[in-house]
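First comes the structure, then the notes that go with it.
The values are calculated or read from the model by the stated rules, or taken from the named source; none is laboratory data. The shown structure was predicted, so the numbers you read here are calculated from the model rather than taken from an experiment. Methodologically, a virtual Cβ is constructed for each residue, glycine included, from the backbone with ideal geometry; neighbour enumeration extends over all protein chains shown. We work out accessible area using only protein heavy atoms, side chains counted, and drop any ligands, DNA or RNA first. Shrake-Rupley method; radii C 1.70, N 1.55, O 1.52, S 1.80 Å.
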Amino acid sequence: MRPVYMVSGGVSKFAKARPDATFQKMVKESFDYAMKDVPKLKLSMIDGSVASYFSDHFTRQLMAGIMAVDYLGLCPKPNKRIEGGGATGGLCFQAGWEAIASGRMNVCAAFGFETMSHVPTWKGNEFIALASDVNFDYPIGGFYSGYYAMMVNRHMHEFGTTVEQLAMVSVKNHMNAYGNPYAQKRRKLTIADVRNSDMVAYPLTLLDICVMSDGAATCILADEETAFKLTDRPVKITGVGTGTDMMRMADRPHGEVLLAPNEKKSDYRKLKYPGVHSFRAGRSAGLQAYKMAGITDPLKQIDFVELHDAYTSSEIQTYEDLALCKYGEGGKFVEEGYPFMPQIDYGMKLPKKGTLPVNPSGGLIACGHPVGATGLMQAVFAFWQIQGSIKKHYGDGELQLKKADRGLIHSHAGTGTYVTVSIMERGW
Amino acid sequence: MAKKNPAKAPAAPKKVEELMTGTTVFNVPMPADLKALKGMSPIVIKQPYQIDYIHSYGQDSPFFAGLSNGKLLGTKCRKCDYTWANPRLACTHCGRETEWVEIPQSGRVHTFTTCYFGGEEFLKETPFHLVLVEFDGVDTLFLSRLIGPVEPEEIRIGMKVKAKFRRNSQLKPSDVYFVPAE
């Protein structure tokens with residue numbers, strides 16, 4: 001396998017609705033931004049592309065991928081569509097990685113989009129719930145927030161996680177997004193604001209849950225030789241992992257924990273795993289990526305994480321899957337301040353603040369979640385962090401981390417059905 | 001739609017709900033100078049989409065026949081000694097064909113939630129409780145509705161529940177629901 005680098009990225013502003021643009025135009029906005037950021041890259045140098053969009057229902061347009069490809073001027077070069085629920089963007093990023101690593105392409109554009117405003121919010125929730133088993137799960141009252149609420153109730157029962165700990169994730173991510181002009185929701189909140197907002201699925205409130213968005217994102221990936229011709233600050237992709245699990249969370253086993261390098265069997269004598277409190281696919285993806293990148297102690301060896309916080313609860317569950325802390329310690333991890341940004345005042349006492357910032361961009365909860373774009377958006381935000389170019393792209397450097405040499409991006413589907421983890425590092 | 005929050009009395013809405021109703025438009029204005037088109041606002045139309053699927057439950061059909069006859073049917077792999085509350089034709093662990101077995105109609109709440117909002121199809125049924133039920137001798141859980149409790153505070157993990165069946169079967173997994181049994 002050849003080493004793979006990310007050389008540029010672009011994101012369209014995520015918004016509740018973009019009636020001014022079709023999906024092709026939104027993709028073009030993000031693509032043009034990425035092209036402009038590396039002026040040495042010419043359209044003729046791009047060998048092909050991969051397209052990321054989740055739902056044919058939102059677009060009501062089959063083969064939408066090729067319509068973006070012809071808009072971008074990338075015909076007659078290779079393209080295919082990648083789809084895997086909420087992890088579609090992360091899977092597409094890795095498909096781009098595969099195209100370069102295999103030698104099939106020297107430069108590949110991975111682009112993604114979603115147009116969720118084309119139906120009312122409750123119809124959108126119905127469409128998303130079709131990503132649960134339509135024979136056995138959907139007809140009971142198909143609603144993803146309900147599924148995640150059941151998972152977190154079990155997490156709280158097993159480990160003593162509290163609703164205030166969930167709310168802290170929301171405060172953190174909304175506050176981080178305050179410095180991110182691409183984010184859909186930039187708000188200064190308190191734990192009380194989160195708990196007093198409308199109850200959606202007990203115990204998750206409106207502010208524990210991400211929103212629907214219109215948006216697009218593009219990542220340009222290249223082989224080593226081309227990468228260094230195009231930019232003096234390419235970011236190397238040093239690890240990729242993809243995990244899967246049973247579609248129906250009711251069918252998940254109650255067995256033994258998949259151990260991370262920094263864990264022992266004796267850490268989990270009584271824990272039935274993954275049950276419905278943990279994401280085995282996330283753990284599996286993390287372990288594969290860590291092995292490839294040579295990471296044995298993720299808390300110490302990773303500088304920041306952009307993870308799939310569709311729910312505040314799933315961010316806490318994911319700390320554990322990624323072995324940033326042990327299973328059961330996710331609530332304490334946020335309460336003690338580990339995943340908060342060092343330079344931001346959150347109005348809370350956080351003794352371990354800034355240890356390992358998680359979702360410096362604001363994550364899905366604040367940036368929005370235009371599904372097919374989301375995993376690629378995370379890659380772009382991580383790319384800018386590692387490059388040290390946050391100020392250039394956000395217009396303000398407040399969110400730039402001092403040390404951002406190695407980042408982790410995490411994309412997640414269903415009730416933890418497909419999960420991808422990719423490790424990105426300073427390549428120069 | 002009225003705001004729903006068990007902690008608060010219903011409040012007047014803070015914003016106007018978007019409606020899918022409207023006026024049918026037959027003509028739109030057009031400027032004489034085509035350069036002005038770049039500044040034109042987008043045209044947004046309503047596009048209805050309705051389908052009746054001919055959906056088969058295939059090899060899982062006996063499960064639904066069971067529900068309409070007051071039985072919960074799962075499948076079991078004899079070799080792995082593993083029982084699924086929802087049927088699957090083949091064992092995930094060894095790939096062998098499973099056999100149909102009747103599973104218990106009494107169990108415990110493994111986890112739960114109360115949905116105050118939902119997908120459009122179920123919005124009119126909110127609030128409702130979802131539960132994952134665990135059964136003795138069955139290795140997987142069972143997603144269902146819990147009927148009876150009013151507030152989520154009345155439900156607890158480990159609570160005993162039992163199955164009830166709709167008198168008029170709809171041939172859907174919602175033909176069975178659970179009620180408290182303690």
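If you place +1 on the Cβ of every Lys and Arg, -1 on the Cβ of every Asp and Glu, and leave all else neutral, what size is the dipole of the protein assembly as shown about its Cα centre, to the nearest 20 Debye?
540 debye
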What's the center-to-center distance, using Cα atoms, between the stretch A:365-398 and the stretch B:26-92 in Å?
33 Å
List the trypsin sites (Lys or Arg not before Pro) within the stretch B:15-57 that fall in a DSSP loop (any state other than H, G, I, E or B) and whose Cβ has at most 11 other Cβ atoms within 10 Å.
B:Lys15, B:Lys46
Grab the Cα-Cα distance for A:Glu398 and A:Lys42, subtract it from 0.36 nm times how many residues apart they are, and report the gain in nm with one decimal.
124.9 nm
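Averaging over all projection directions, find the projected area of the Cα convex hull of the protein assembly as shown and quote it in nm² with one decimal place. Write out the running numbers ahead of the final one.
On the way: hull surface 118.5 nm².
Approximately 29.6 nm², given one-decimal rounding.
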Charges on Cβ only, +1 for Lys and Arg, -1 for Asp and Glu, centred on the Cα centroid of the stretch B:40-136; of B:Phe135, B:Gln47, B:Thr113, which one is farthest towards the dipole's positive end?
B:Phe135
To the nearest 500 deg cm²/dmol, what mean residue ellipticity at 222 nm is calculated for the protein assembly as shown from DSSP H runs of n ≥ 4 alone, each contributing -39,500 (n - 2.57), summed and divided by the residues?
-8000 deg cm²/dmol
For the pair B:Lys35 and B:Lys124, how long in nm is the line joining their label points, each one 7 Å along Cα→Cβ?
5.5 nm
Go through B:Phe64, A:Thr296, B:His93 and say which Cα lies farthest out towards the positive end of the charge dipole of the protein assembly as shown; charges sit on Cβ, +1 for Lys and Arg, -1 for Asp and Glu.
A:Thr296
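Using 0.36 nm per residue of separation minus the Cα-Cα distance, give me the extension gain between A:Leu259 and A:Asp198 in nm, one decimal.
18.2 nm
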Two-site label geometry, B:Ser56 and A:Lys80: point separation in nm, points 7 Å out along Cα→Cβ:
2.9 nm
GNM top mover of A:Tyr138, A:Tyr53, A:Tyr338 - chain A, alpha-carbon springs below 10 Å
A:Tyr138
Principal axis extents for the stretch A:96-222, Cα atoms only, whole Å, descending order, please.
50, 43, 35
Give a residue-ordered list of calculated ³J(HN,Hα) values for the stretch A:375-387 (Karplus: 6.51 cos²θ - 1.76 cosθ + 1.60, θ = phi - 60°; whole Hz; x for Gly, Pro).
x, 7, 4, 4, 5, 5, 4, 5, 4, 5, 4, 5, 5
Charge sum, other residues only, whose C-beta stays under 13 Å from B:Arg88's C-beta, Lys/Arg counted +1 and Asp/Glu -1:
-3
Report which residues of the stretch A:232-254 become buried by 30 Å² or more of accessible surface when going from the isolated chain to the complete set of protein chains (1.4 Å probe; DNA, RNA and ligands ignored).
A:Met246, A:Arg248, A:Ala250, A:Asp251, A:His254
How large is ³J(HN,Hα), in whole Hz, for each residue of the stretch A:99-104 in order, when computed from phi with the Karplus curve 6.51 cos²θ - 1.76 cosθ + 1.60 and θ = phi - 60°, using x for Gly and Pro?
4, 7, 4, 6, x, 5
What is the set of long-range amide H partners of B:Arg156 at a cut-off below 5 Å, with H atoms built 1.01 Å from backbone N?
none
Which of A:Ala110, A:Asn176, A:Pro261 sits closest to the plus end of the dipole of the protein assembly as shown, meaning its Cα is farthest towards the positive end, when Lys and Arg get +1 and Asp and Glu get -1 on the C-beta?
A:Asn176
In the stretch B:59-180, how does Rg compare with the Kirkwood Rh, expressed as the Rg/Rh ratio over alpha carbon atoms?
0.99
Angle check, please: helix A:23-37 long axis (alpha carbons) against the longest principal axis of chain A (alpha carbons), in degrees 0 to 90, nearest 10.
70 degrees
Charge dipole (debye, nearest 20) of the stretch A:244-336; +1 at Cβ of Lys and Arg, -1 at Cβ of Asp and Glu:
540 debye
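Take the Cβ-Cβ distance between B:Arg78 and B:Val150 as r, set R0 to 45 Å, and report the resulting FRET efficiency rounded to the nearest 0.05. Kindly include the intermediate steps, with their values, before the conclusion.
Working: r = 43 Å, r/R0 = 0.96.
Once the sixth-power term is evaluated, E becomes 0.55.
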Label model pair A:Leu62, A:Lys229: point-to-point distance (7 angstrom along the Cα→beta-carbon line) in nm is 4.0 nm
How about the stretch A:1-105: which trypsin sites (Lys or Arg not before Pro) there lie in a loop by DSSP and see at most 11 other Cβ atoms within 10 Å?
A:Lys40, A:Lys42
Accessible area expressed per residue, the stretch B:59-180, with surrounding protein chains retained (probe 1.4 Å, Å²):
46 Å²
Chain A - percent relative contact order, Cα under 8 Å, separation 6 or more
26 percent
Explain nothing, just compute: Karplus ³J(HN,Hα) = 6.51 cos²θ - 1.76 cosθ + 1.60, θ = phi - 60°, for every residue of the stretch A:156-162 in order, whole Hz, x for Gly and Pro.
5, 5, 6, 10, x, 4, 10
Local charge sum around A:Gly124 (other residues, Cβ-Cβ under 12 Å, Lys/Arg +1, Asp/Glu -1)?
-2
With Cβ to Cβ distances under 13 Å as the rule, what net charge do the other residues near B:Gly119 carry (K, R +1; D, E -1)?
-3
Longest site-free stretch - chain B; sites: chymotrypsin sites (Phe, Trp or Tyr not before Pro), DSSP loop, at most 16 other Cβ within 10 Å
B:58-182
Apply 1/(1 + (r/R0)^6) to the Cβ-Cβ distance of A:Trp428 and B:Arg167, taking R0 = 41 Å, and write down the FRET efficiency to the nearest 0.05.
0.05
In cubic angstrom per residue, the convex hull of the stretch A:1-141 built on its Cα atoms measures 120 Å³
Roughly how tilted is helix A:163-177, in degrees to the nearest 10 and between 0 and 90, from the longest Cα axis of chain A?
20 degrees
In the stretch A:275-358, what trypsin sites (Lys or Arg not before Pro) fall in a loop by DSSP, with at most 16 other Cβ atoms inside 10 Å?
A:Lys349, A:Lys352
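I'd like the FRET efficiency for B:Lys15 and A:Leu130, computed as 1/(1 + (r/R0)^6) with the beta carbon distance as r and R0 of 45 Å, rounded to 0.05.
After rounding to 0.05, the efficiency reads 0.95.
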